[in-house]
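Undergrad: One structure, as structure tokens, below. Some questions next.
The values are calculated or read from the model by the stated rules, or taken from the named source; none is laboratory data. Note that the structure is a prediction, hence the values are computed from the model and not measured. In this analysis, Cβ positions are derived from the backbone assuming ideal geometry, glycine residues included, and neighbour counts consider all displayed protein chains.
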Amino acid sequence: MAPSPAAAADLLASRLPVTVITGFLGSGKTTLLSRLLRDPGMNRAAVIINEFGEVGIDHELVEASSEQMTLLSNGCLCCTVRTDLQETLRELFVKRRAGEVIDFDRVFLETSGLADPAPVLHSLASDGLLGAQYRLNGVVTLVDAVNGMGSLDIMPEAAKQAAVADRLVITKTDIADAAAVETLEARLHAMNPYALISRAVDGVLDPDSLREITPASMRAMTQDPNRWLMSAGTAGAGAPGEGGSYLGQRIPRTTGTHDAAIHSFCLWFDAPFTWDALTASLQVLTALRGTDLLRVKGIINVEGEAGPVVIHGVQHIFHPPLKLERWHDADRRSRIVFIVRNIPRASIEALFGAVGMLSRA
Amino acid sequence: MAATLPGSGSRPEQTLALNMRLLAHHELQGFGGIGEGMGMQITRDRRRVLWLAHESAPKNFTGVDVTDPRAPRVVVQTELPHAKVRSNSLDIVGDTMIVAYQTKEVGMKPAGFDVFDIGKPETPRLVSHFDASGPHSRGVHAVWFVDGEFVHMAGGAADFTPTHPGDDQFYRIIDVRKPSRPVEAGRWWYPGTRAGDSAPPPQRMEPKFDTGFRAHNTNVFPQRPDRAYIGYIDGGAVILDIADKAHPKPVSLWRYSPPFNGFCHTVLPLFDRGLLIVSDECVRDDGLDWPKLVRVVDARVETNLVPIATFPQAPYAAFAHRGGRSGAHNLHENLPVPSSWKSDQIIIGTFFNQGVRAYDISNPYQPQEVAYFVPGAPKMSPAGAVQLNDVYVDDRRIVYTVDRFIGGLYVLEMTI
């Protein structure tokens, strides 16, 4: 007897999406979150923040409150990190099952301004209990138009936060000089051309724009998974003849790297990978240069798989690869976006060459 | 986050949901107490009618048109002849429906099953009755009918005297190839449970957990027509060789209670994976028989069944005292009929006040809970909390689940 359609669990849709909101000190995370909390569409969101004091919650919005948790009248749940984040996420899920908190359908997680976001992303990938219940939706990094340039200059964490982002939001554009905003945007684009950059004034950002940053289902693809890999402006970059890097053809790269240490590129592969070749390359890469792989995201054509395989790693930790059911369009090439620190593109190309992908490309 | 919000904590009136969405709720015209008989007919004019056997009198069964799952509509609701009989169980093949009858006391009638022609769902037509009444019989508790030829059931018989009155229902195979004249094809009972057996009666559970050595679900699938998979209540999981229906032979008797608290309900084989999913039934209120579990059993060697995992349980603190029963009961059984969803990766079951829950068993050693829906307490619920009794998943992946007392039918969509 053949199993019914959709007889297996959808490993994406069955997990609660976690959106990490990070940003430099004073970049407006607090304002953004307090706006988000008031949005009627957020009535089933859980927001994890560092301290209540930081987010000014109107008293009339508060329905019930305890030391670590506040329930707002629109249903949104707000809680603070107690000891560590993993524990907080675990407890939240346990309380959800027991009906002690609302049955939240997504989590927004604010990291502290000074924090390196990598450990947060690691904990979602490497903690089995958390991984079974949550998935990373994406990283949203706020950069303020007034002080962002300075932070990028002097703080390595700031640069890293920008480098790992899926979405970059420039805040305080209303009080910054227009030319400065342009310069900042160009600099961010150069560091991380694969993130969608938007501007928020006074914390106003459409919560919908934070939905489905990464594919939310293995089956019903509601949007092009390429959008996760690269923003609209760079979607074509890297394709042959368009000035990007194309493995095997050595087309000169056009994405400049003002921040010399951090740079990014997309590699394309015509021939499908074997599982062996894919795992071997990623293992070698993480073993040799894990620390400097700030973010690796890829959509891979693997021999024998009906749909693309999505890979996603931060430094030395990769999430388990996810098999999507089918391709979104006719383009079957594999593509991997690398955002790295101090690794020449040529070394990574050489690595893929060594496992046989280059010659087959 | 040790502290909870004031007034939080699990409340029976609260609806809890993960990856399941309510499409519709139907109170079944005020008679929303449904047993463990659910089946879907696809009519000749392509309507979908969900047939439900009631938990207790006065109603017998109800047919609900669920062609549009968002707008279920009762097409027929029938009466039982008296208050001391219940139907509880039914199954459907094509336009033929088998409905079980179990009486409150031995020696009463009707005790057996009816065969109905439901070609016109609005007016079910009685074709025949199979009598299983007797001086020691309460009739039939559960039927399995998926091939249009044989009814496999848990029932008593006029000629069967149990060694203990609680062991009155055993495994019977009834040939209904002539629907107007059902005849017995074979039977098997747990050794020592019939007066005159050479085997001694089995060691009973301690009185507070003694629910008898009786058959409950008696499942036979086309992949293995020579095997019956039986939940034999306090006898545990039983696999029988029924290649010769007249002489079923035990292949495996796996008794796990004690140390557990008895009542093996369903043995669901997943043939391609060499697994059995074995569910208990919780039968006591207020957590008195906690834990009632669903087990994953390695059945690659069917004579050596090895349990390898249990489904993760809902939290005791939140549910044990929420009202009524709290723990495992029916599973969606991958019925080999066109209207049934079939999966050996996701298992869906009802857990009384813990609602309906779905588990991903792709890794059989680590089942994960991936979805649940716990309706708030139905209006006027005698248990004070929902008591989801049975579940059926159709080939569109729509989940139907029913309350044991009053809540009626809940139609859900899985979003995983």
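Undergrad: If you take the residues of segment B:50-92 that are part of a strand (DSSP E or B) and of a type in the set (Ser, Thr, Tyr), which of them is nearest to the chain's Cα centre (by Cα)?
TA: Going through the qualifying residues, I end up with B:Thr62.
Undergrad: Would you check which residues across segment B:341-370 are farther than 13 Å from B:Gln313 by Cα and facing chain A (nearest Cβ under 8 Å) and list them?
TA: B:Trp341, B:Lys342, B:Ser343, B:Asp344, B:Gln345, B:Ile346, B:Asp360, B:Ser362
Undergrad: Another question, then. Having 3 or more residues that are out of contact with any Cys (no Cβ under 8 Å at 6 or more places or on another chain) and surrounded by 24 or more Cβ atoms within 10 Å (Cβ to Cβ) is the bar; report the strands (runs of 3 or more DSSP E) wholly within segment B:304-382 that clear it. Before you say what the answer is, go through the steps one by one.
TA: Working: elements: B:306-310, B:346-350, B:356-360, B:368-374.
The qualifying strands (runs of 3 or more DSSP E) are B:346-350, B:356-360, B:368-374.
Undergrad: For A:Arg167, indicate whether it is closer than 23 Å to A:Pro320 by Cβ and surrounded by fewer than 22 Cβ atoms within 10 Å (Cβ to Cβ).
TA: In short, no.
Undergrad: Continuing with the same structure: Kindly provide the set of residues from segment A:96-119 that are farther than 29 Å from B:Ala317 by Cα, surrounded by fewer than 21 Cβ atoms within 10 Å (Cβ to Cβ) and not small (Gly, Ala, Ser), ordered by number.
TA: Listed by number, the residues that qualify are A:Leu114, A:Asp116, A:Pro119.
Undergrad: Another question, then. For the condition under 23 Å from B:Val402 (Cβ atoms) and either more than 18 Å from the chain's Cα centre (by Cα) or away from chain A (no Cβ under 13 Å) (or both), what is the one hit in B:Ala309, B:Ala328, B:Ala317, B:Ala299?
TA: Numbers: B:Ala309 fails: under 23 Å from B:Val402 (Cβ atoms); B:Ala317 fails: under 23 Å from B:Val402 (Cβ atoms); B:Ala299 fails: under 23 Å from B:Val402 (Cβ atoms).
Answer to the check: B:Ala328.
Undergrad: Going by the structure shown, is B:Gly287 surrounded by 24 or more Cβ atoms within 10 Å (Cβ to Cβ), away from chain A (no Cβ under 11 Å) and of a type in the set (Gly, Ala, Ser)?
TA: Against the criterion (surrounded by 24 or more Cβ atoms within 10 Å (Cβ to Cβ), away from chain A (no Cβ under 11 Å) and of a type in the set (Gly, Ala, Ser)), B:Gly287 does not qualify.
Undergrad: Can you spot a residue in segment A:160-168 that is at pLDDT 90 or above, basic (Lys, Arg) and in contact with an Asp or Glu (Cβ under 9 Å, 6 or more places away or on another chain)?
TA: No; the residues of segment A:160-168 include none that is at pLDDT 90 or above, basic (Lys, Arg) and in contact with an Asp or Glu (Cβ under 9 Å, 6 or more places away or on another chain).
Undergrad: Just give me the residues in segment A:165-198 being over 17 Å from the mean Cα position of the chain (by Cα), closer than 22 Å to A:Leu293 by Cβ and among the basic types (Lys, Arg), in sequence order.
TA: A:Arg187
Undergrad: When you check A:Thr80 against the structure, is it modelled with pLDDT under 80, within 23 Å of the chain's Cα centre (by Cα), within 13 Å of chain B (Cβ to nearest Cβ) and buried (at least 19 other Cβ atoms within 10 Å of the Cβ), yes or no?
TA: Criteria met by A:Thr80.
Undergrad: Also, quick follow-up: I'm checking my understanding of the structure. Among residues of segment B:371-383 that are touching a Ser or Thr at 6+ places or on another chain (Cβ under 9 Å) and of a type in the set (Gly, Ala, Ser), which one is farthest from the other protein chains (Cβ to nearest Cβ)?
TA: Filtering first and then ranking leaves B:Gly376.
Undergrad: Name the single residue, out of those in segment B:92-101 being buried (at least 24 other Cβ atoms within 10 Å of the Cβ) and touching a residue at least 60 places away in the same chain (Cβ under 8 Å), that is nearest to B:Asp175 (Cα to Cα).
TA: Residues of segment B:92-101 that are buried (at least 24 other Cβ atoms within 10 Å of the Cβ), as a first pass: B:92, B:97-101.
Subsequent filtering for residues that are touching a residue at least 60 places away in the same chain (Cβ under 8 Å) retains B:92, B:98-100.
On the way: B:Ile92: 15, B:Ile98: 12, B:Val99: 15, B:Ala100: 15 Å.
For segment B:92-101, the residue satisfying everything is B:Ile98.
Undergrad: Being under 22 Å from B:Arg273 (Cβ atoms) and surrounded by 12 or more Cβ atoms within 10 Å (Cβ to Cβ) is the filter here, so list the residues in segment B:188-222 that pass it.
TA: B:Asn217, B:Thr218, B:Asn219, B:Val220, B:Phe221
Undergrad: Right, something else. Can you name the condition, by its number, that B:Arg404 falls short on among (1) touching a residue at least 60 places away in the same chain (Cβ under 8 Å); (2) closer than 26 Å to B:Arg273 by Cα?
TA: Tallying (1) touching a residue at least 60 places away in the same chain (Cβ under 8 Å); (2) closer than 26 Å to B:Arg273 by Cα, B:Arg404 fails exactly one: (2).
Undergrad: Exactly one condition in (1) within 24 Å of B:Gly139 (Cα to Cα); (2) under 19 Å from the mean Cα position of the chain (by Cα) is false for B:His247; which is it?
TA: Of the numbered conditions (1) within 24 Å of B:Gly139 (Cα to Cα); (2) under 19 Å from the mean Cα position of the chain (by Cα), the odd one out for B:His247 is (2).
Undergrad: Go through (1) within 22 Å of B:Glu369 (Cα to Cα); (2) out of contact with any strand residue (DSSP E or B) (no Cβ under 6 Å at 6 or more places or on another chain); (3) more than 14 Å from chain A (Cβ to nearest Cβ); (4) crowded, with 19+ Cβ neighbours inside 10 Å and name the single condition B:Lys292 misses.
TA: (2)
Undergrad: What is the number of the single condition among (1) surrounded by 18 or more Cβ atoms within 10 Å (Cβ to Cβ); (2) within 30 Å of B:Thr415 (Cα to Cα); (3) modelled with pLDDT under 75 that A:Ala232 does not meet?
TA: Unmet condition: (1).
Undergrad: While we're here: Has segment A:119-130 got any residue that is touching a helix residue (DSSP H, G or I) at 6+ places or on another chain (Cβ under 7 Å) and under 19 Å from A:Leu25 (Cα atoms)?
TA: So far as segment A:119-130 goes, yes, one or more of its residues are touching a helix residue (DSSP H, G or I) at 6+ places or on another chain (Cβ under 7 Å) and under 19 Å from A:Leu25 (Cα atoms).
Undergrad: Considering each residue of segment B:222-234, count those that are within 14 Å of another protein chain (Cβ to nearest Cβ) and either farther than 14 Å from B:Ser252 by Cβ or out of contact with any Pro (no Cβ under 8 Å at 6 or more places or on another chain) (or both), and give that number.
TA: 3
Undergrad: Could you count how many residues in segment B:175-221 are part of a loop (DSSP other than H, G, I, E, B) and within 14 Å of another protein chain (Cβ to nearest Cβ)?
TA: 2
Undergrad: For residues that are more than 30 Å from A:Asp153 (Cβ to Cβ), more than 9 Å from every other protein chain (Cβ to nearest Cβ) and of a type outside the set (D, E, K, R), tally how many sit in segment A:13-38.
TA: 3
Undergrad: Within segment B:384-393, take every residue that is more than 9 Å from chain A (Cβ to nearest Cβ) and assigned to a strand (DSSP E or B) and give me the one that is nearest to the chain's Cα centre (by Cα). Step through it out loud before you land on a result.
TA: Filtering segment B:384-393 for residues more than 9 Å from chain A (Cβ to nearest Cβ) gives B:384-392.
From the residues that got through so far, the ones that are assigned to a strand (DSSP E or B) too are B:388-392.
Working: B:Leu388: 11, B:Asn389: 8, B:Asp390: 6, B:Val391: 8, B:Tyr392: 10 Å.
Looking at the filtered set, the residue picked out is B:Asp390.
Undergrad: Which of the residues belonging to segment A:172-191 are modelled with pLDDT under 90 and in contact with a strand residue (DSSP E or B) (Cβ under 6 Å, 6 or more places away or on another chain)?
TA: A:Lys172, A:Thr173, A:Asp174, A:Met191 - these are the residues of segment A:172-191 that are modelled with pLDDT under 90 and in contact with a strand residue (DSSP E or B) (Cβ under 6 Å, 6 or more places away or on another chain).
Undergrad: If you check B:Ala57, B:Ala53, which single one turns out to be of a type in the set (A, V, I, L, M, F, W, C) and more than 21 Å from B:Glu333 (Cβ to Cβ)?
TA: Exactly one of B:Ala57, B:Ala53 is of a type in the set (A, V, I, L, M, F, W, C) and more than 21 Å from B:Glu333 (Cβ to Cβ), namely B:Ala57.
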